[in-house]
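Derivation of every value follows stated rules applied to the coordinates shown; laboratory data play no part. Everything numeric in this text was worked out from a predicted model, so none of it was measured. A quick note on method: Cβ atoms are made from the backbone with ideal geometry, for glycine too, and the neighbour counts reach across all protein chains shown.
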Amino acid sequence: MADRNELLRRQRALATFGDFVLDHEGIDEVLNEGCRLVAEALGADLAKVIQIESDATVGFVRAGVGWNEGIVGRERVLLSEQSSEAYAIACSEPVITNDIASETRFHFPRFLLDHGVVALINVPIFLPGRRPWGVLQVDARRTRAFDQDDIEFLKTYSMVLGPVIDRIETVQQREEARATVEEREHRLHRILDRMGEGFGILAPDFTILEHNREATKMDGRSRHEIVGRSHWEVYPGTEQSELGRLLKRGMQERVPVSLEHSVVLHSGGLVWLEMRAYPTADGCLAVFWRDITERRAVLDALRASEARLSAIFESVPAAVAAFDRTGKTVLANRRSSQFFANGLIPYSDLEQLHRSRPGHADGALLPKERWPGKRALQGESVLPGQEMLFIDDDGHEVWTKVAAMPTDEDGQTGPGAVVVVTDITDTKKAETALRSSESRLQTLLEGIPQLVWRADPGGLWNWASPQWQEFTGLSEEESAGEGWLQALQPESRDAARRAWADAADTELLAFDCQLFHAASADYRWFQTRALPLRDENGMIVEWLGTCTDVDELRQLQERQRVLVGELQHRTRNLMGVISAICDKTARGSTDVESFRAKFLDRLQAMARVQGLLSRLQPVDRVYFDELIKAEFDALDADETAGKVALSGPRGIPLRSSSVQTLAMALHELTTNAIKHGALRQEGAHLDVAWDLEPAEAGKGQFLRIDWRESGVQMPESPDEVRSGQGRELIETALPYQFGAKTDYTLAPDGVKCTIRIGVSTKPQRRGGDA
Amino acid sequence: MTEQPLKGVRVLVAEDEYLIADALCKELQTSGAQIIGPVAQMEAALSLARGDNIDAAVLDINLGGVEAYPVADLLTSRGVPVVFATGYDVFTIPVQYARVLTFMKPFRATTIVKALRHQLGR
C-alpha cells in the first residue's frame, strides 16, 4: 500500500505530465517524458512504450527511459502468444510479472534480460473507442511486488495517455495530410504551368479559380487580372455566346463539352481555339484550350482545295474515273456512272461488255487488249484518246472519245489508271453533216452552169470552178488573186474593180461584164453576183460568187425592147391613120350609110395589109406580088373573071414602111375601077404589070408598077367621080412619104397610072416570075 | 370656128404619115396658121428648121425610121416652141426631152392647136 507521500508523488507525476502535454506536440517527446515520469513515480529505473505496428504482430519500442542506446526507436518485440504485451492487449488489463525468472506464462525479449530486468508490469493503451494502440511498461531491476495501487496508477496514466496519443497523432496526421496536399498542389501547378495548352478552373458561379501560365500568355493579361474574377467579366460577350452556352451546360449537366471557336484576344489578334471542359468532382469545371489557328488555316485551305477539286471533278463535261490495277473504281464523278455502271473498267466488265464497241471511222474492230483502259493499266498513255461507240440505257448509240492515263503506284493497290470519257456524238453528227454538206456543195458548184469562184475579202480569188476554167481558158492558178480580171473585156475591168470597192459596204457584189469565151474567141455578157460568208464574229471571211451567162438574155431583152417600142409606134400610127381615113371618108360622104360602106371597105383593106405585116419575121419582107394578089383576091371573082391580067416577077420585097400606104393606094384604084369602069363594062380590061428598074444615080432599085385600064368608057365629068382619095394617095402621099414618082392620068379609055417606088435593099429570100 | 387663134403663126410640121400630116395641117390652117412643110424626112425637116421663118413646130419623133431629136434641139436652142406628136410611149423618149409637150397618136388635131396657142402665149 502506498503511503501518502507516494500518492502525492504519483499525482504530481500526472499533473506534470498534463502540463508537459499542453506545451508539447511531438509524440515521441511526450511519450518519453511520460515514461520518465511514470518510472520516477513508481521508483523504477526503466519504463517504455511499445506501439502496435500496422500488421499487429510486432510491437515497436516507441519511447522509453533508462534504456541503453539502440533500444528506443529501434527495438521491436514479437507480439506472439507468449508475449506479455500481447496478453495485456488481449485482456485489456494490466499484467504483472514480479519475477521473470519464475514467470512461466511469457517469453521475454533478450534486451530485457540484458538490462537486468527482473520484474515488469504491462498496461495496455487504448485510444478513444477502445482501439488498442500499444502498451506502457514499467521495468524493475530488482524483484518487487507491484501492488494494486501501482496498477491503478498505471491504469489511470494509461487512460490519460490514450487520448493524448490520439490527439497528437490526429494533429500529426492532419499536418501530414496538409503537407501532402500542399505538395500535390505545388506539383500540380508546376505541371499545369508547363502545359503547352491553356488550362483554367471555373467555380460553379463561373469565377475563374485557375489560369495557367500558357493561358495567361495567350491572353496577354497578368494572372491577377483574371483569377478570382467572373469568366463573363474577364471575357465580355461570352455569357451569351456559343462558348458560354456550352460552359453553362457542362457546369449544370456535369458533362464534358468541347468547341472550336474563334476569339479576338485581349491583345487584338484573332485566333482559333479548341476548348474542352470537364466537370470536376468538386463541382467545378476544368477547362482546357489550345491555339489551333495554324491547324485550322491548314485545314481550311485543305477543305477549300478539296471542294474546288471536287467541283472541278464533277463539273468536267466528261466521265472521269480512276481505277486500281484490278480495274475497280477508286474514284469516279457522277457522269461516269453512265459508262461504268458496275464500277468496273469496261474491258473487264463482262456484264457490260456488249455496250462498248471500239470504233474506228472505218468500223474496224479493236482487239480488247488495245482498249484504252487496258493500255493505261499497262503503263501506256492513250491521248488524246480512242473513239469508241457506246450503247446507252435506251439503246442509243453514243460516240465517245476515251482518253486513259496510267497513275503512279499508290502503295496499296499498285499502279492504276485514270479514264476520261467524253461524249462526242454531237461533234460526230456535225462532222458527218458537214462532210455530206461539203460534198453536196462541191457537186452543186461543179454541176451548175454558172461559173463559180471564191475570193478573199477584197476580191482576190482563191478558187475557180472547172466551168470558169473551161469557159475562159484561164487555169485556177492564172485566175488566182486578180488574175481573173484578164478574162474581162478591158472596158469592163474598171466597173468590176469599183464593184469590189463597194462590195464590203453593200454586202453584195453585183456587176455585169463581158467575159472572153476561149472556145469562140468572143466576148459574152455575164452577170456577176457574190455574197460574203461570215465567221461567228460577223467578220467577212470569204466571198462566194457566180458568173451567169446573160448574153442571150441581153440580146433578147434588147430585141424585145425595140419590138415593144416599134409595136407601140405602129399601132398608134395606125390609129392615127385610121382616124385620118375616117375624117376623109366622112368629108367625101353624103350620108351615114355611104360613109359606113366606104369606111368599112377601107378598114378591111388595111386589115389585109396588117395581116401580111404581122406574120413577118424581122428579116422578112412583104412582096409586091403578095400584096396585089391579096387585094384582088378580096374581090368578087365573077366580077374580075377574064378582065384582069397581073404580070410581074414574084418576090420583089417592099419596104415595110411603104406597104400600108401603097396597099391603100392600090385599094383605092381597084375600088374605083370596079365601081366605075374597067372591070364593070363589057370589053373593059385591066393590066397590072410590074418589074424592077434601076433608079438614078445608084440609089438602089425602083419597083415600077403600071396600071393600065383599057376599053373603058369614062364618064362625062370624070374628075367628080375618079378623083378623091386614090388619086391623092398616089399623087401626094406616096411621093411625100417615100419619095415615089407617080403619074396618074384619066385617059378617055381608062386610068393610066405608073408608080415607081423604092424597094427594100435587103437580100431577097425568093425570086422567080409570077 | 371663125376665130383664128394661130393667125400668122408659122408652124413647121414634120410627120411621115401622109394622112396624119394632112389632117393636122388642115386643122392648123383652119386656125390661121401658116404651114412650113409638111415634111416626112428628117433631112428635109432639119433643112427647114435651119430657116428663121418658124414660130413653132409639131414633130413626129420617128421620121421614116430616123429620130427627129436634132430638129427639136435646133429649134429649142433658138427658143422656138416644139411639141411632139408620136406613136412612141413617153418612156422611150430621152429624159432631156421630158419637158417637151408630147401627144400620143392618135391625137385630135384641135388639141395640138390649143397646146401651140398656150405655148405661144396667145
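What FRET efficiency, computed as 1/(1 + (r/R0)^6) with R0 = 35 Å and r the Cβ-Cβ distance, is obtained for A:VAL160 and A:GLU81, rounded to the nearest 0.05? Walk me through the numbers on the way to the answer.
Values: r = 29 Å, r/R0 = 0.84.
That pair, A:VAL160 with A:GLU81, gives E of 0.75.
Tell me, in nm to one decimal, what length is gained between A:HIS354 and A:ARG12 on full extension, where the rule is 0.36 nm per residue of separation less the Cα-Cα distance? Present the calculation step by step, with values, prior to reporting the outcome.
Details: separation 342, 0.36 × 342 = 123.12 nm, distance 12.03 nm.
Extending this stretch completely gives an extra 111.1 nm.
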Treating segment A:251-345 as a set of equal point scatterers at the Cα positions, no solvent, please give the Debye-formula log₁₀ I(q)/I(0) at q = 0.15, 0.17, 0.20, 0.24 Å⁻¹. -0.75, -0.81, -0.96, -1.14
Just to confirm my numbers, what's the Cα centroid distance between segment B:1-47 and segment B:75-112 in Å? 15
Taking N as the number of residues in segment A:588-758, what is its Cα Rg relative to 2.2 N^0.38 Å? 1.02
Just to be sure I understand the model, the point goes 7 Å from the Cα along the line to the Cβ. What's the resulting A:SER337 to B:GLU67 distance in nm? 8.6
Give the distance, in whole Å, between the Cα centre of segment A:232-247 and the Cα centre of segment A:88-130. 71
Once label points are set 7 Å from the Cα along Cα→Cβ at both A:ALA634 and A:THR571, what is their separation, rounded to one decimal in nm? 2.2
For A:LYS217, list the aspartates and glutamates whose Cα falls under 19 Å from its own Cα; do not include residues on the same chain fewer than 8 positions away. A:ASP193, A:GLU197, A:GLU225, A:GLU233, A:GLU274, A:ASP291, A:GLU294
For segment B:10-120, rounded, prolate or oblate, judged on the Cα gyration tensor with a ≥ b ≥ c (square roots of eigenvalues), a/c < 1.5 rounded, else prolate if a/b > b/c? rounded
Identify all lysines with a Cα-Cα distance to A:LYS374 below 17 Å; exclude those on the same chain that are fewer than 8 residues away in sequence. A:LYS328, A:LYS401
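FRET efficiency for A:THR590 and B:ASN53, Cβ-Cβ distance as r, R0 = 35 Å, nearest 0.05? Numbers along the way, then the final one.
Details: r = 40 Å, r/R0 = 1.15.
That pair, A:THR590 with B:ASN53, gives E of 0.30.
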For A:LYS155, the lysines lying under 21 Å Cα to Cα, once residues fewer than eight places off in the same chain are dropped, come out as A:LYS48
Pseudo-spin-label distance A:GLU446 to A:LEU188, built 7 Å along Cα→Cβ, given in nm, is 10.2
Equivalent ellipsoid semi-axes - Cα gyration tensor, segment A:490-594, angstrom: 56, 18, 10
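For A:SER647 and A:GLN713, what is the calculated FRET efficiency with R₀ set at 22 Å and r taken between the beta-carbons, to the nearest 0.05?
Details: r = 25 Å, r/R0 = 1.12.
The pair A:SER647/A:GLN713 has a calculated efficiency of 0.35.
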Sorted from largest to smallest, which semi-axis lengths in Å does the alpha carbon gyration tensor of segment A:1-156 give for its equivalent ellipsoid, taking the root of 5 times each eigenvalue? 22, 19, 15
Residue span A:ASP687 to A:ASP505: 0.36 nm per residue of separation minus Cα-Cα distance leaves a gain in nm of 57.8 nm
Report the Cα centroid-to-centroid distance between segment A:576-601 and segment A:1-72 in angstrom, as an integer. 195
Give a residue-ordered list of calculated ³J(HN,Hα) values for segment A:701-711 (Karplus: 6.51 cos²θ - 1.76 cosθ + 1.60, θ = phi - 60°; whole Hz; x for Gly, Pro). 10, 10, 9, 9, 10, 10, 9, 10, 8, 8, x
How much length would be gained if the chain were fully extended between A:ALA695 and A:ALA281, taking 0.36 nm per residue of separation minus their Cα-Cα distance, in nm to one decimal? 133.3 nm
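Over all distinct alpha-carbon pairs, what is the Kirkwood Rh of the protein assembly as shown in angstrom? If you can, show how the numbers build up before the last one.
Working: mean 1/r = 0.0217 Å⁻¹.
Evaluated over the protein assembly as shown, this radius sits at 46.0 Å.
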